[in-house]
Amino acid sequence: MASTIRPRLFITQQMPSQFIHALERVFELDYQDTPTPLSPEQILFRIRAHPPDAILFTSKIKIDKELLSVVGDKLKMLATFSVGYDHIDVKECQKRGIPIGYTPGVLTDATADLAMALLLATARRITQAVRANGEWGTSCDVMWMCGKPLTNATVGIVGLGLIGLAIARRLQPFSIQRALYSGTREKYFDSNADKTFFKYVPFTELLGESDFVIIACELNEHTKNMFNKNAFEQMKNDAILINIARGGIIDQDALYDALTNGFIGAAGLDVTVPEPLPKEHRLLTLENCTIFPHIGSADVSARHQMAQICVDNLFNFFSGKPMVHQLKLGDA
Ligand code: NAP
């Protein structure tokens, strides 16, 4: 490091100790070393008291205009422990010239694995089935606890990015018939098998044709609430909706109505608004809605790689080198 004064780094949540030890050799740490999440007020208090040169944070922390103006010119860079960046006011960072490091790629497999777990759990009513232990001998209906098959299904993927494609690859051995996808542009595939298997379609066609709809796109001004009453009315009545992207892509009131009025069959959500959902939230009362506590990237290897990229982004930036992964602000 060029300067003898160590830059101050605010770390808003607990991380494995080896990463903290690496960071404390270079930075003056303000480390939130307890499992309790900081409230927005506590964060503002901390940065007001000790303005940091950099902040290392997760997607649970909102980096908005107010926070950026409180921390002021001292802030040199942001390191988010995520691939999504909808929790950051990217335009305000751009205006202030604050670069953002993020962690794309290394959580793709973990999140795609979790999407499969959620999809199968929702389609085969796993939560209900686990709860039915001890009762199942009481039904003599051969159709008891029947779910929806993947074989020969049409699967629609909204956002065929890294995670969307990794989910599609995992679905192929389940003998699905085809994968429709929507997004901002058609993808190029090398193999003829892929050219037949994947079809780029308008969003409305994807809704009408798919037995399973998987949301894997980023949350932005175009995708916010794109799953609204109108969208649910266009879906098949037994369609299953899976969301591993961001809760804000679904209008949750419209989802509740769609699930209770039979516009769609079931939903599996890894992400909601807010997170966590309050215990009394009405979506949690529905048997045809499976909700996971935002654990998409929660495998040990993915989280360690994300932490390492954050550390490298911070080290590189404060040594005057390019970050490993820097968000292209102009594209946001
Ligand atoms: P990515 O490779 O950048 O893919 C983003 C996708 O969003 C692209 O396919 C893009 O489509 C699509 N998109 C952008 N605008 C769209 C629009 N208007 N309509 C439809 N699709 C649109 O990112 P990724 O690594 O796959 O991650 C995707 C998202 O998953 C992240 O943004 C994050 O929010 C979420 N995520 C969640 C978890 C979790 O724990 N549950 C973990 C990791 C990531 P085009 O390619 O056609 O432009």
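Just so it is clear, none of the values below were taken in a lab; they were calculated from the coordinates. Just so it is clear, the model here is predicted, and its values are computed rather than measured. Positions of Cβ are backbone-derived with ideal geometry, glycine not excepted, and every protein chain shown enters the neighbour counts.
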From DSSP H assignment alone, runs of 4+ in the chain each adding -39500 (n - 2.57), the sum over residues rounded to the nearest 500 puts [θ] at 222 nm at -9500 deg cm²/dmol
Here the percent of antiparallel bridges among DSSP beta bridges lying wholly in the chain, to the nearest 5, is 5
Of the candidates GLY262, PHE317, LEU283, the farthest towards the positive dipole end of the range 228-332 (Lys/Arg Cβ +1, Asp/Glu Cβ -1, centred on the Cα centre) is PHE317
Relative to the compact-globule estimate 2.2 N^0.38 Å (N residues), the Cα gyration radius of the chain stands at a ratio of 1.09
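Which entries of LYS187/LYS328; LYS95/LYS328; LYS65/LYS91; LYS195/LYS236; LYS91/LYS187; LYS199/LYS224 have Cα-Cα distances beyond 18 Å here?
Numbers: LYS187/LYS328 21 Å; LYS95/LYS328 13 Å; LYS65/LYS91 9 Å; LYS195/LYS236 25 Å; LYS91/LYS187 28 Å; LYS199/LYS224 24 Å.
Checking Cα-Cα distances, LYS187/LYS328; LYS195/LYS236; LYS91/LYS187; LYS199/LYS224 exceed 18 Å.
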Taking Cα atoms only, helix 300-318 is inclined relative to the longest principal axis of the chain by an angle, in degrees rounded to 10, of 30
Over all pairs of different Cα atoms in the range 29-94, the reciprocal of the mean inverse distance gives a Kirkwood radius in Å of 12.3
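Restricting attention to the range 179-208, which trypsin sites (Lys or Arg not before Pro) occupy a DSSP loop and are surrounded by at most 13 other Cβ atoms within 10 Å? Spell out each step's value before the answer.
Details: sites: ARG185, LYS187, LYS195, LYS199; in loops: ARG185, LYS187.
Taking the range 179-208 and a limit of 13 other Cβ atoms within 10 Å, the loop trypsin sites (Lys or Arg not before Pro) found are ARG185, LYS187.
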Answer in debye to the nearest 20: the dipole magnitude of the chain about its Cα centre, from +1 Lys/Arg and -1 Asp/Glu charges placed on Cβ, is 600
So the angle from the long Cα axis of helix 162-171 to the longest Cα principal axis of the chain, reported in degrees to the nearest 10, equals 30
Loop-resident chymotrypsin sites (Phe, Trp or Tyr not before Pro) in the range 134-223 with no more than 14 other Cβ atoms inside 10 Å, DSSP not H/G/I/E/B, are TRP144, TYR188, PHE189
Straight-line reach check, LYS74, cutoff 17 Å on alpha carbons, 8 or more apart in-chain or any other chain, hits among aspartates and glutamates -> GLU28, ASP30, ASP53, ASP64, GLU66, GLU92
Cα extents of the range 79-123 per principal axis, largest first, Å, are 46, 18, 10
Taking the alpha-carbon centre of each part, the distance from the range 174-239 to the range 98-157 in Å is 18
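Loop only by DSSP, 10 or fewer other Cβ within 10 Å of the Cβ. Give me the GluC sites (Glu not before Pro) in the range 226-297 that pass, ordered by residue number. Each step should come with its number before you reach the end.
Details: sites: GLU233, GLU280, GLU287; in loops: GLU280, GLU287.
When the GluC sites (Glu not before Pro) of the range 226-297 are filtered for loop state and at most 10 Cβ neighbours within 10 Å, GLU280 remain.
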